[in-house]
1. Shape verdict for the stretch 70-128, please, from the Cα gyration tensor: rounded (a/c under 1.5), prolate (a/b greater than b/c) or oblate.
2. Please find, in a Gaussian network model of the chain (springs between Cα atoms separated by less than 10 Å), the residue of Val95, Val75, Val28 whose mean-square fluctuation is greatest.
3. With springs connecting C-alpha atoms under 10 Å apart, model the chain as a Gaussian network and identify which of Asn128, Asn145, Asn16 has the largest mean-square fluctuation.
4. Tally up the carbon and sulfur contribution to the accessible surface of the chain as a whole percent, 1.4 Å probe, everything protein left in place.
5. Please compute the net charge surrounding Glu136, taking Lys and Arg as +1 and Asp and Glu as -1 over other residues with Cβ under 14 Å from its Cβ.
6. Expressed as a rounded percentage, what relative contact order does the stretch 1-97 have, with Cα pairs under 8 Å and six or more residues apart?
7. Find how many whole Å separate the alpha carbon centroid of the stretch 1-63 from the alpha carbon centroid of the stretch 78-157.
8. Shape of the chain from its Cα gyration tensor (a ≥ b ≥ c, root eigenvalues): rounded if a/c is under 1.5, otherwise prolate when a/b > b/c, or oblate?
Amino acid sequence: YVLDGNTNRILRYQLNATGYDGAPSDYVSTSGTSAISGGIDIAIDGDVYVLQADGKIIKYHQGSLVAFAQKGLDVPLKSPTCIFVTGSMDEGGSVYVADSGNSRIVKFSKAGEFVRQYRSVDESLMNNLRGLYVDEGNKRVYLVNGNRLLQASLAGQ
C-alpha cells in the first residue's frame with residue numbers, strides 16, 4: 001500500500017509469482033478519496049488508517065470509510081507526524097500517534113477511544129518525532145526524534 005495524499009489515492013500493489021511488479025489498483029473507490037487529502041502517514045492491520053496533518057485519523061475497512069471517532073482526547077493532536085497500529089483488525093491491538101507538537105505519544109483503541117498518552121520528563125526527547133514503532137508484547141516503544149533513535153518502556157500498559 002502506498003499513500004499519495006497529493007492525488008487523494010491509496011495504491012495497493014498485489015503480490016504475484018514474480019513479486020510486486022504489476023500495476024497498482026486504487027484501494028479506495030473515488031467516492032471515498034476526498035478523505036485522503038492531507039494524508040501524511042498510513043498504518044495497516046488489515047484495515048487502513050490514514051493520519052492527516054490536522055490530526056484527524058481516517059479509517060478504511062476493505063476500501064470503505066468507517067468511523068474512527070477520536071473520543072476522549074482532552075488536548076487535540078498538534079503537528080502529528082506518524083501513526084502505528086498493533087495487532088490485526090481481528091485480534092484487537094491499538095492505534096498510536098506521534099504527536100510532535102504536544103511532545104507525546106497518544107494511544108487509541110481500534111474504535112477511536114482515547115486510552116492514554118505517553119510523555120517524557122524531558123520534552124526535548126519528543127519534540128521532533130519522525131518515526132514510531134510499538135512492541136506491546138515487550139512493553140517497548142521505539143522513537144525517532146530528530147536524528148536520534150530512542151527506546152522507552154510502556155510501563156503501566
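The values are calculated or read from the model by the stated rules, or taken from the named source; none is laboratory data. Computed from a predicted model, the values in this text were never measured in an experiment. Neighbour counts are summed over all protein chains in view; Cβ atoms, including those assigned to glycine, are modelled from backbone coordinates with ideal geometry. For accessibility, only protein heavy atoms count, side chains too; no ligands or nucleic acids. Shrake-Rupley method; radii C 1.70, N 1.55, O 1.52, S 1.80 Å.
1. Taking the square roots of the gyration eigenvalues as a ≥ b ≥ c, the stretch 70-128 is prolate.
2. Val75
3. Looking only at Asn128, Asn145, Asn16, the biggest GNM fluctuation is shown by Asn16.
4. Roughly 48 percent of what the probe reaches on the chain is carbon or sulfur.
5. So the surrounding residues net to +2.
6. Details: 175 pairs, mean separation 19.4, N = 97.
It rounds to 20 percent for the stretch 1-97.
7. Distance between centres, Cα-based: 21 Å.
8. Verdict is prolate for the chain.
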